């Protein structure tokens, strides 16, 4: 991983963090009209679609995963550069930018719906001036937000029943995962990158870890900042029972690289083999695959 790649990843991570913080205050829209492919017009929040969209552009990796999960994949004509899952999305080869969007490139796909996770610049306004409807699907604050957003995208695309099935399956698997461990009171460090950025219990991911009864060593390290950068000294002094690595792809971190860090070999998590390697992409998105993250954590805690 090059230095420039790490910097770019850090910028993306920081942006997602800001969005998550914003969403905790506003939350997703819940004004959803249930629909199937035959039940239009459909209104979700301030957006009304008169007909089922057949040319969808997704500029959000999470939304892309939701679209395929609910059964709307065949309606998608273009995705952003970070939409790498499922494989069918990546194979579209469109690689639009969700962070520096090109209006001409987006409109060139003649979309009847564009989905974004935030509004860079005046994207929504510019697309609106071209008569292109835009749905905002921001980062969520909790699991209820995940379920609501999947339902909204399902309704807007004429796949409400598919969305309901996805949510039902997720609820069942997640409830089972949260009830499968007994680690209440044990501490953890959640690593976002190899410069020791972390997150607190007040974030979306932090709230999920809290459901297992885990205690976050990053809480209150930096007042008012839910994505603090910890020093090695803080981590070593806290001596967490568990270390979760959400930087295995971006930064090549593993149990071995953590153990090799200066002063870390004696940490409880290292000595007891309690370093959990996570998939960066799954850990940074709030769509259907969040269940995979929760199950991976549950499986590790149950070892």
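The values are calculated or read from the model by the stated rules, or taken from the named source; none is laboratory data. On a predicted model such as this, the values are computed, not experimentally measured, just so you know. Note that we place each Cβ from the backbone using ideal geometry, even for glycine, and neighbour counts take in every protein chain shown.
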* Taking the range 217-249, which residues are more than 24 Å from the chain's Cα centre (by Cα) and on the phi > 0 side of the Ramachandran plot? -> 239
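Here's the yes/no breakdown for (1) surrounded by fewer than 19 Cβ atoms within 10 Å (Cβ to Cβ); (2) at pLDDT below 95:
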position: 35; (1), (2): no, yes
position: 55; (1), (2): yes, no
position: 65; (1), (2): no, no
position: 69; (1), (2): no, no
* Do we find that residue 79 is part of a strand (DSSP E or B) and either in contact (Cβ under 8 Å) with a residue 40 or more places away in the chain or within 18 Å of the chain's Cα centre (by Cα) (or both) in this structure? -> yes
* Check on residue 201, in contact (Cβ under 8 Å) with a residue 60 or more places away in the chain and over 18 Å from residue 248 (Cβ atoms) -> no
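Just checking, which of 87, 75 is out of contact with any helix residue (DSSP H, G or I) (no Cβ under 6 Å at 6 or more places or on another chain) and under 22 Å from residue 290 (Cα atoms)?
Going through 87, 75 in turn, the sole match is 87.
Conditions (1) modelled with pLDDT under 95; (2) part of a strand (DSSP E or B); (3) surrounded by 16 or more Cβ atoms within 10 Å (Cβ to Cβ), marked per residue:
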{"residue": "101", "(1), (2), (3)": "yes, no, yes"}
{"residue": "106", "(1), (2), (3)": "no, no, yes"}
{"residue": "115", "(1), (2), (3)": "no, yes, yes"}
{"residue": "124", "(1), (2), (3)": "yes, no, yes"}
{"residue": "147", "(1), (2), (3)": "no, no, yes"}
{"residue": "152", "(1), (2), (3)": "no, no, yes"}
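This table checks each residue for (1) closer than 30 Å to residue 151 by Cβ; (2) surrounded by 15 or more Cβ atoms within 10 Å (Cβ to Cβ).
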residue	(1), (2)
227	yes, yes
250	no, yes
257	no, yes
266	no, no
303	no, no
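Please tell me if residue 161 is in contact with a strand residue (DSSP E or B) (Cβ under 9 Å, 6 or more places away or on another chain), in a helix (DSSP H, G or I) and surrounded by fewer than 20 Cβ atoms within 10 Å (Cβ to Cβ).
yes
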* Asked: Can you name the condition, by its number, that residue 156 falls short on among (1) closer than 19 Å to residue 59 by Cα; (2) surrounded by 24 or more Cβ atoms within 10 Å (Cβ to Cβ); (3) in contact with a helix residue (DSSP H, G or I) (Cβ under 8 Å, 6 or more places away or on another chain)?
  -> (3)
* Kindly state which helices (runs of 4 or more DSSP H) lie completely within the range 227-303 and contain at least 3 residues that are closer than 22 Å to residue 140 by Cα. => 280-283, 290-301
* **Flag for residue 167 being in a helix (DSSP H, G or I) and touching a helix residue (DSSP H, G or I) at 6+ places or on another chain (Cβ under 6 Å)** => yes
* Asked: Taking residue 51, is it modelled with pLDDT of 95 or more, part of a loop (DSSP other than H, G, I, E, B), farther than 20 Å from residue 285 by Cβ and out of contact with any strand residue (DSSP E or B) (no Cβ under 8 Å at 6 or more places or on another chain)?
  -> yes
* Asked: Quick check: is even one residue across the range 277-293 touching a strand residue (DSSP E or B) at 6+ places or on another chain (Cβ under 9 Å) and at pLDDT 95 or above?
  -> yes
* Which residues, counting only those in the range 82-96, are free of Cβ contacts under 8 Å to residues at least 24 places away in the same chain and under 25 Å from residue 145 (Cα atoms)? -> 86
* Structure fact -> Only unsatisfied item for residue 172, checking (1) in the same structural domain as residue 296 (by TED's automatic domain parsing); (2) surrounded by fewer than 21 Cβ atoms within 10 Å (Cβ to Cβ), is (1)
* Complete set of residues in the range 222-238 that are in contact with a strand residue (DSSP E or B) (Cβ under 9 Å, 6 or more places away or on another chain) and either touching a residue at least 40 places away in the same chain (Cβ under 8 Å) or not assigned by TED's automatic domain parsing to the domain that holds residue 194 (or both) -> 227, 230, 235, 238
